[in-house]
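Some notes on the structure that comes next.
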Amino acid sequence: MQYREIKKTGDKISALGFGAMRLPTKNGSIDKERAKKQIYYAIDNGVNFIDTAFPYHGGASESFLGEILSENYRNKIKLSTKLPQWQVKKYEDMEMYLDIQLKKLKTDFIDYYFIHSLSKDSWAKMKDLGVLKFLDEAKKSGKIKYACFSYHDNTETFKEIIDAYDWDACLI
(Lines give C-alpha, C1' and ligand atoms only; values in the text may rest on other atoms or scores of the structure.)
Protein backbone atom coordinates (compact mmCIF):
# COMPACT_ATOMS: atom_id res chain seq x y z
CA MET A 1 0.00 0.00 0.00
CA GLN A 2 1.21 3.47 -0.81
CA TYR A 3 0.73 6.25 1.74
CA ARG A 4 0.63 10.01 1.53
CA GLU A 5 1.55 12.24 4.42
CA ILE A 6 -0.79 15.07 5.26
CA LYS A 7 1.90 17.54 6.25
CA LYS A 8 -0.37 19.60 8.47
CA THR A 9 -1.51 16.65 10.60
CA GLY A 10 1.47 14.35 10.18
CA ASP A 11 -0.86 11.45 9.36
CA LYS A 12 0.26 8.97 6.75
CA ILE A 13 -2.96 8.11 4.89
CA SER A 14 -3.30 5.21 2.46
CA ALA A 15 -3.52 6.40 -1.14
CA LEU A 16 -6.65 4.26 -1.40
CA GLY A 17 -9.32 4.93 1.21
CA PHE A 18 -12.56 3.06 1.80
CA GLY A 19 -15.77 5.02 1.23
CA ALA A 20 -18.86 3.74 3.02
CA MET A 21 -21.32 5.52 0.72
CA ARG A 22 -21.99 2.55 -1.54
CA LEU A 23 -21.58 -0.54 0.59
CA PRO A 24 -22.96 -3.80 -0.83
CA THR A 25 -26.67 -4.20 -0.21
CA LYS A 26 -29.12 -7.04 0.16
CA ASN A 27 -32.89 -6.54 0.13
CA GLY A 28 -32.45 -2.76 0.29
CA SER A 29 -30.17 -2.72 3.36
CA ILE A 30 -26.44 -2.99 3.93
CA ASP A 31 -25.29 -6.57 3.37
CA LYS A 32 -23.49 -6.56 6.70
CA GLU A 33 -21.50 -9.76 6.30
CA ARG A 34 -20.24 -8.88 2.84
CA ALA A 35 -19.49 -5.26 3.74
CA LYS A 36 -17.71 -6.30 6.95
CA LYS A 37 -15.50 -8.74 5.00
CA GLN A 38 -14.65 -6.02 2.46
CA ILE A 39 -13.77 -3.45 5.12
CA TYR A 40 -11.71 -5.87 7.21
CA TYR A 41 -9.89 -7.05 4.07
CA ALA A 42 -9.10 -3.45 3.13
CA ILE A 43 -7.80 -2.59 6.61
CA ASP A 44 -5.84 -5.84 6.91
CA ASN A 45 -4.17 -4.94 3.60
CA GLY A 46 -3.14 -1.41 4.52
CA VAL A 47 -6.15 0.86 3.95
CA ASN A 48 -6.22 3.20 6.92
CA PHE A 49 -8.80 5.84 5.93
CA ILE A 50 -12.52 5.06 6.22
CA ASP A 51 -14.98 7.72 5.07
CA THR A 52 -18.69 7.93 5.80
CA ALA A 53 -21.35 10.59 6.30
CA PHE A 54 -24.62 11.10 8.15
CA PRO A 55 -26.92 10.41 5.16
CA TYR A 56 -25.08 7.44 3.62
CA HIS A 57 -27.26 4.33 3.27
CA GLY A 58 -30.26 6.20 4.65
CA GLY A 59 -28.35 6.98 7.84
CA ALA A 60 -27.21 3.38 8.42
CA SER A 61 -23.58 3.66 7.30
CA GLU A 62 -22.26 5.27 10.49
CA SER A 63 -24.10 2.78 12.73
CA PHE A 64 -22.80 -0.14 10.69
CA LEU A 65 -19.22 1.11 10.97
CA GLY A 66 -19.73 1.58 14.70
CA GLU A 67 -20.78 -2.06 14.95
CA ILE A 68 -17.80 -3.49 13.08
CA LEU A 69 -14.93 -1.18 13.99
CA SER A 70 -13.98 -2.88 17.22
CA GLU A 71 -11.21 -1.35 19.24
CA ASN A 72 -8.61 -3.30 17.26
CA TYR A 73 -9.87 -2.02 13.90
CA ARG A 74 -10.71 1.50 15.08
CA ASN A 75 -7.13 1.93 16.24
CA LYS A 76 -5.80 1.00 12.79
CA ILE A 77 -7.67 3.68 10.85
CA LYS A 78 -8.40 7.36 10.54
CA LEU A 79 -12.15 7.82 10.58
CA SER A 80 -13.86 10.50 8.55
CA THR A 81 -17.49 11.59 8.64
CA LYS A 82 -19.41 14.69 7.72
CA LEU A 83 -21.79 17.17 9.34
CA PRO A 84 -25.03 17.34 7.31
CA GLN A 85 -25.01 21.14 6.97
CA TRP A 86 -28.33 21.19 5.05
CA GLN A 87 -30.07 19.92 8.21
CA VAL A 88 -28.50 22.52 10.51
CA LYS A 89 -30.89 25.31 11.49
CA LYS A 90 -29.12 26.66 14.60
CA TYR A 91 -25.75 26.41 16.34
CA GLU A 92 -26.93 23.73 18.75
CA ASP A 93 -27.80 21.46 15.82
CA MET A 94 -24.11 21.13 14.99
CA GLU A 95 -23.36 19.88 18.50
CA MET A 96 -26.37 17.56 18.37
CA TYR A 97 -25.37 15.96 15.07
CA LEU A 98 -21.76 15.47 16.17
CA ASP A 99 -22.92 13.79 19.40
CA ILE A 100 -25.29 11.53 17.45
CA GLN A 101 -22.49 10.62 15.05
CA LEU A 102 -20.07 9.80 17.86
CA LYS A 103 -22.69 7.54 19.41
CA LYS A 104 -23.54 5.82 16.11
CA LEU A 105 -19.85 5.30 15.33
CA LYS A 106 -19.17 4.08 18.90
CA THR A 107 -16.10 6.25 19.23
CA ASP A 108 -14.94 9.10 21.44
CA PHE A 109 -13.59 11.17 18.55
CA ILE A 110 -13.67 11.65 14.79
CA ASP A 111 -10.27 11.98 13.14
CA TYR A 112 -11.38 14.05 10.12
CA TYR A 113 -14.69 15.87 10.55
CA PHE A 114 -15.97 17.48 7.36
CA ILE A 115 -18.65 20.11 6.86
CA HIS A 116 -20.48 18.23 4.11
CA SER A 117 -20.98 19.63 0.62
CA LEU A 118 -20.35 23.33 1.07
CA SER A 119 -21.42 25.75 -1.64
CA LYS A 120 -21.75 29.53 -1.74
CA ASP A 121 -25.19 29.55 -0.10
CA SER A 122 -24.53 26.84 2.48
CA TRP A 123 -21.20 28.42 3.42
CA ALA A 124 -22.90 31.76 4.11
CA LYS A 125 -25.52 30.02 6.25
CA MET A 126 -23.02 27.92 8.20
CA LYS A 127 -20.71 30.87 8.77
CA ASP A 128 -23.62 32.92 10.12
CA LEU A 129 -24.61 30.04 12.43
CA GLY A 130 -21.11 29.94 13.94
CA VAL A 131 -19.61 26.85 12.32
CA LEU A 132 -16.05 28.07 12.85
CA LYS A 133 -16.62 28.50 16.59
CA PHE A 134 -18.27 25.06 16.64
CA LEU A 135 -15.22 23.48 14.98
CA ASP A 136 -12.86 25.18 17.46
CA GLU A 137 -14.97 23.95 20.39
CA ALA A 138 -15.22 20.41 18.99
CA LYS A 139 -11.45 20.27 18.58
CA LYS A 140 -10.86 21.73 22.03
CA SER A 141 -13.18 19.16 23.63
CA GLY A 142 -11.45 16.30 21.79
CA LYS A 143 -14.58 15.23 19.89
CA ILE A 144 -12.80 15.88 16.58
CA LYS A 145 -9.11 15.93 15.78
CA TYR A 146 -9.21 17.78 12.47
CA ALA A 147 -11.65 20.29 10.99
CA CYS A 148 -12.36 19.90 7.29
CA PHE A 149 -14.91 20.59 4.56
CA SER A 150 -16.08 19.04 1.32
CA TYR A 151 -16.80 21.40 -1.54
CA HIS A 152 -19.06 21.58 -4.59
CA ASP A 153 -19.04 25.06 -6.12
CA ASN A 154 -16.93 27.70 -7.87
CA THR A 155 -13.32 28.80 -7.36
CA GLU A 156 -14.24 32.20 -5.92
CA THR A 157 -16.23 30.75 -3.02
CA PHE A 158 -13.60 28.03 -2.51
CA LYS A 159 -10.94 30.70 -1.98
CA GLU A 160 -13.22 32.52 0.48
CA ILE A 161 -13.73 29.35 2.52
CA ILE A 162 -10.03 28.44 2.47
CA ASP A 163 -9.10 31.91 3.73
CA ALA A 164 -11.76 31.97 6.47
CA TYR A 165 -10.28 29.28 8.74
CA ASP A 166 -7.15 27.27 9.43
CA TRP A 167 -8.57 24.07 7.86
CA ASP A 168 -6.84 20.73 8.31
CA ALA A 169 -8.10 19.14 5.07
CA CYS A 170 -10.70 19.44 2.34
CA LEU A 171 -12.35 17.20 -0.25
CA ILE A 172 -13.10 18.77 -3.60
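The values are calculated or read from the model by the stated rules, or taken from the named source; none is laboratory data. Here the structure is a predicted model, which means the values were calculated and not measured. What goes into the accessible areas is simple: the full protein's heavy atoms, side chains included, and nothing from ligands, DNA or RNA. Shrake-Rupley method; radii C 1.70, N 1.55, O 1.52, S 1.80 Å.
For the range 22-172, just the Cα set please: Rg and Dmax, both in angstrom.
Reported Rg and Dmax, both Å: 15.7, 45.
Give the angle, between 0 and 90 degrees and rounded to the nearest 10, that separates the Cα long axis of helix 91-105 from the longest principal axis of the Cα atoms of the chain.
It works out to around 10 degrees.
Only bridges with both residues in the range 1-115 count here: give the DSSP antiparallel percent, nearest 5.
Roughly 35 percent of the DSSP beta bridges within the range 1-115 come out antiparallel.
For the chain, calculate the relative contact order in percent as a whole number, restricting contacts to Cα pairs under 8 Å that are 6 or more residues apart.
Computed over the chain, the figure is 17 percent.
Where does the chain land at 222 nm, in deg cm²/dmol rounded to the nearest 500, when only DSSP H runs of n ≥ 4 count, each adding -39500 (n - 2.57), divided by all residues?
-12500 deg cm²/dmol
What is the Cα centroid distance between the range 1-49 and the range 70-87, reported in whole angstrom?
Spelled out, the Cα-based centre of one part sits 11 Å from the other.
Nearest 10 degrees, 0 to 90: what angle lies between the long axis of helix 32-44 and the longest principal axis of the chain (Cα atoms)?
80
Which percent of the accessible heavy-atom area of the chain goes to carbon and sulfur, probe 1.4 angstrom?
Numbers: 4490 of 9140 Å².
Heavy-atom surface of the chain belonging to carbon and sulfur, 1.4 Å probe: 49 percent.
Within straight cross-link reach of Lys36, meaning Cα distance under 29 Å, which lysines are found once same-chain residues fewer than 8 apart are removed?
Counting by Cα, and skipping residues close in sequence, Lys36 has these lysines nearby: Lys12, Lys26, Lys76, Lys78, Lys82, Lys103, Lys104, Lys106, Lys143, Lys145.
Any idea what angle helix 120-129 forms with the longest principal axis of the chain, computed on alpha-carbon atoms, 0 to 90 degrees, nearest 10?
The helix 120-129 is inclined about 80 degrees to the chain.
State in Å² the accessible area per residue of the range 27-157; use a 1.4 Å probe, count heavy atoms of protein chains only, and round to the nearest integer.
Details: 6280 Å² over 131 residues.
Per-residue accessible area for the range 27-157 comes out at 48 Å².
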